[in-house]
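Everything on this sheet refers to the single structure shown next.
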Amino acid sequence: MTNYINKVAFVTGAASGIGFALCESLLAKNAKVMMADMNGPGLAEAIEKLGGASDNLSSVVCDVRNPESVKSAANQTLADFGKVHIVMNNAGVGLAGKSGQTDLKDWQWIVDINLMGVVYGVEIFTPLIKSHGEGGHILNTASMAGHMTTEYMPPYHATKFAVVGYSESIAQELSHDNIRVSCLCPTWVKSNIASSARQRPSAGVTMPAPSLKAAQDSVSALVANGMEADRMAELTLAMMAQGRLHVFNDPEARPAIDIRAKSLAADYDAALNWMKTN
């Protein structure tokens, strides 16, 4: 999508970070924006930063874990703007944890937000985009953590790999309906994600092990020194305009793509070679 004038965009996780920056960039391109976030006070503050509610800007409290809440937000978007062209499933949280030591309620929490929140956005809004026949674009926020892995982050990697695969699949399907799909895969961007684990169900009940605490502190430092969110937003819209499926931002992480590709190829070849000789 290259022309955003009068296009209607629905953005989750819009009260801060990348979500807020995406809203700001879309408004600058004369789009109409529905800001969605589960943090009501934060959402109200965010919309005031952008000049307050107007014919081009509205907001709705939405909990992406709840499909009924997403449906309600979709209905509000139609009530305010009549239709929707762009859906940005951006809300997400982070969670570190050791295998065998991660509370299952925490697992369910991150899956509900990072994966099912994306699924609900796609399932509920896709028929609305198709209905007007003008085409559209879906952006799902994943992470570079959907293409590479580190220790102590299995819940986060699991959800982000899922979003990458999900986005790649629906991109093929929805192209027949003139709906593009992009998957946002950044590394470090200034946002509140490093502190999001404080909202996990086990917060205040269990304390992270020293190794996990060190990993969390490292991530917090990297996020604090990451790319500016407004720069990330401009990059994202530019890549969407080019019809790119994946949006990356970090030159230092580029070799990870090659390392993973080589590792997969080596394992594949090892299996094929075994089958030839056994």
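Suppose we keep just the DSSP beta bridges with both residues in the chain; what percent of those would be antiparallel, to 5?
Taking every DSSP beta bridge within the chain, about 5 percent pair in antiparallel fashion.
Taking 2.2 N^0.38 Å as the expected size of a compact globular protein, what ratio does the Cα radius of gyration of region 1-59 give against it, to two decimals?
For region 1-59, the normalised Cα radius of gyration is 1.00.
How many angstrom separate the Cα center of region 111-177 from the Cα center of region 1-80?
The distance from the Cα centre of region 111-177 to that of region 1-80 comes to 18 Å.
Could you compute the FRET efficiency for Ala265 and Ala44, with r as their C-beta to C-beta distance and R0 at 41 Å, rounded to 0.05?
0.20
Show that you can apply the helix-only estimate: for the chain, add -39,500 (n - 2.57) for every DSSP H stretch of four or more residues, divide by all residues, and state [θ] at 222 nm to the nearest 500.
Using -39500 (n - 2.57) per qualifying helix, the result is -15500 deg cm²/dmol.
Compute the acute angle (0 to 90°) between the alpha-carbon long axis of helix 210-224 and the principal axis of greatest extent of the alpha-carbon atoms of the chain; round to the nearest 10°.
40
Quick one: Cα convex hull volume of the chain, Å³ per residue?
Convex hull of Cα atoms, per residue: 148 Å³.
How large is log10 I(q)/I(0) at q = 0.12, 0.13 Å⁻¹ when the Debye formula is applied to the Cα atoms of region 123-198, each weighted equally and without solvent?
Each listed q maps to, in turn, -0.42, -0.48.
Order of 247-254, 91-98, 175-182 by packing, highest average Cβ count within 10 Å first?
Result, highest mean Cβ count within 10 Å first: 91-98, 175-182, 247-254.
Using 20 Å as the cut-off for backbone N distance, which residues of region 5-32 belong to the label zone defined by a point 7 Å from the Cα of Ala238 along Cα→Cβ?
Residues 5, 18-31 qualify, since their backbone N sits under 20 Å from the label point.
Using only Cα atoms and rounding to the nearest 10 degrees, what angle (0 to 90) does helix 117-132 make with the longest principal axis of the chain?
40
Relative to the first principal axis of the alpha-carbon coordinates of the chain, what is the inclination of helix 229-241, with its axis defined by its Cα atoms, in degrees from 0 to 90 and to the nearest 10?
It is inclined by approximately 80 degrees.
What distance in nm separates the simple spin-label points at His132 and Glu173, each placed 7 Å from Cα in the Cβ direction?
Simple spin-label model gives 2.3 nm for this pair.
Laboratory data are not the source of any read-out in this text; all were calculated from the coordinates shown. Every value quoted in this text rests on a predicted model; they were computed, and no experiment measured them. Note: ideal-geometry Cβ built from the backbone for every residue, glycine included; neighbour counts use all protein chains shown.
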